[in-house]
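As structure tokens, the structure follows; a few thoughts come after it.
The values are calculated or read from the model by the stated rules, or taken from the named source; none is laboratory data. All of these numbers come straight from a predicted model, not from anything done at the bench. Every residue, glycine as well, gets a Cβ built from its backbone with ideal geometry; the counts of neighbours run over all protein chains shown.
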């Protein structure tokens, strides 16, 4: 939490803030990957802004939506945006919410 607070205080740009927050969360040792996606209001799509972890290259290119009742919108990120709350998957391979993105595994 301290690293996240420091990122908020000292980041010189939004991009730097997103990167530092991802680094802080990833460094906690509790996640395989951490990401920040930003909502594009015109399309409802979430655009990759920053990330840390082994799977970040793949995460840059996936299609995620905040629109409900679509395969790309029913995942963890889409639900988090709609509900405005944290959403975590502790079993990506077996989590039904990640079905739209598992084809690349």
- What are the residues in region 1-60 that are in a loop (DSSP other than H, G, I, E, B) and exposed (fewer than 13 other Cβ atoms within 10 Å of the Cβ), if any? 1, 12, 13, 28, 29, 30, 32, 41, 42, 43, 54
- Query: Just wondering, is there one or more residues in region 63-70 that are at pLDDT 90 or above, surrounded by fewer than 15 Cβ atoms within 10 Å (Cβ to Cβ), in contact with a strand residue (DSSP E or B) (Cβ under 8 Å, 6 or more places away or on another chain) and within 27 Å of residue 8 (Cβ to Cβ)?
  - Reply: no
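Does residue 85 fit the bill of being assigned to a loop (DSSP other than H, G, I, E, B), surrounded by fewer than 11 Cβ atoms within 10 Å (Cβ to Cβ) and without any contact (Cβ under 8 Å) to a residue 40 or more places away in the chain? Full working, then the answer.
Numbers: assigned to a loop (DSSP other than H, G, I, E, B): yes; surrounded by fewer than 11 Cβ atoms within 10 Å (Cβ to Cβ): yes; without any contact (Cβ under 8 Å) to a residue 40 or more places away in the chain: yes.
When the stated conditions are applied, residue 85 passes them.
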- Task: Considering (1) within 26 Å of residue 2 (Cα to Cα); (2) in contact with a helix residue (DSSP H, G or I) (Cβ under 7 Å, 6 or more places away or on another chain); (3) surrounded by 12 or more Cβ atoms within 10 Å (Cβ to Cβ), say which one residue 80 fails and leave the rest.
- Result: (2)
